[in-house]
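For reference, the structure is listed below as C-alpha cells.
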Amino acid sequence: LRAKELSTIEIGETEYDEDGEKIHPDWSENKLGHLDRKKRHISIKTAKTKPKDENHWRSVWYSDQLDRLLHEYITGVRTESKYHEESPYLFITSKKPQIRPSWISRKVKNAAYDAGLNEPLYKDAAGKDRHLITGHTLRHSFASYRANHSEMKLHILANTMGHRKLDTTRKYISKDDKPARRQSEDVHRQLRQELKS
C-alpha cells in the first residue's frame, strides 16, 4: 500500500440509536468498513487514479501474521486515542483522527534506523536526507520480490499494487534472467511429469 492509501482505510462511521445514544462498534466483528478480518481483505481506494478511470477501488489481502498485531492495535493502542470513538479511520494518532502519510513514512524510516538498517543515501535538491529504507522503498521491494521470486501473475501484481498500466508493473521485472530461467525450467519439469502420468 502507498502511505496515502494506508491512511484512508476506514472501519466505519460512528452510529447512533433512535435515542441519539452512540452505538459503540463491536471490535470482535469481522467486517469493519473497508476491512474484513475474517477474509483478511482490505478494500483500498487507489491513490493514483484519474477522473476517467473506471475503478478507483482494489482488493488487497494481508497475511495471517498480521492478525494478532491488528487485533492488538484495534482493541488496545487505537482506544488510547481520544478520537477512537468518532474517527472512521483505522489508523489514528493521539493528536489527529487520521494519520498523515508523512507520519507513516517517518515511522518506517525511524524503525529501520533503530534496527540499524537505515542510513542516509544522499541529500536531495532541497537539502533533505534521502534514506535507504522508507515506506515507498518497502512497497518497491514487495513488488520486485513478487515479480521475480514468486508465482504471482503480473496482472494480479499490477492490481494489488494499484498500477493503472501493466507497463508500470513490468518495470519491477529484473534484467537478470535467472528467475525467468528457473521458472521456465520448473514449467518444463512439471509438463514432463504430467505427460508421464
Looking only at GluC sites (Glu not before Pro) in DSSP loops with at most 16 other Cβ atoms within 10 Å, what is the longest site-free stretch of the chain?
87-150
Excluding same-chain residues fewer than 8 positions from Lys175, which lysines have a Cα within less than 21 Å of its Cα?
Lys153, Lys165
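Provide the three semi-axes, in whole Å and in decreasing order, of the ellipsoid equivalent to segment 60-129 as defined by the square roots of 5 times the Cα gyration tensor eigenvalues.
28, 17, 11
Projected area of segment 110-197, taken from the Cα convex hull and averaged over every viewing direction, in nm²?
Numbers: hull surface 35.3 nm².
The number I arrive at for segment 110-197 is 8.8 nm².
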Note the angle between two axes, namely the Cα long axis of helix 135-149 and the longest principal axis of the Cα atoms of the chain, as a number of degrees from 0 to 90, rounded to the nearest 10.
40
Which distance in nm do the two modelled labels at Lys175 and Lys48 give, with both placed 7 Å along the Cα-to-Cβ direction?
2.1
Virtual spin-label span in nm between Lys107 and Glu194, 7 Å along Cα→Cβ
4.4
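So if R0 is 22 Å, what FRET efficiency would His136 and Asp167 give, r being the distance between their Cβ atoms, rounded to the nearest 0.05?
Values: r = 19 Å, r/R0 = 0.87.
Computed FRET efficiency for His136 and Asp167: 0.70.
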Roughly how far apart, in whole Å, are the Cα centres of segment 152-197 and segment 37-106?
30
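FYI, it's all coordinate maths here, none of it is from the lab. Note that this is a predicted model, so its numbers are computed, not measured. Methodologically, a virtual Cβ is constructed for each residue, glycine included, from the backbone with ideal geometry; neighbour enumeration extends over all protein chains shown.
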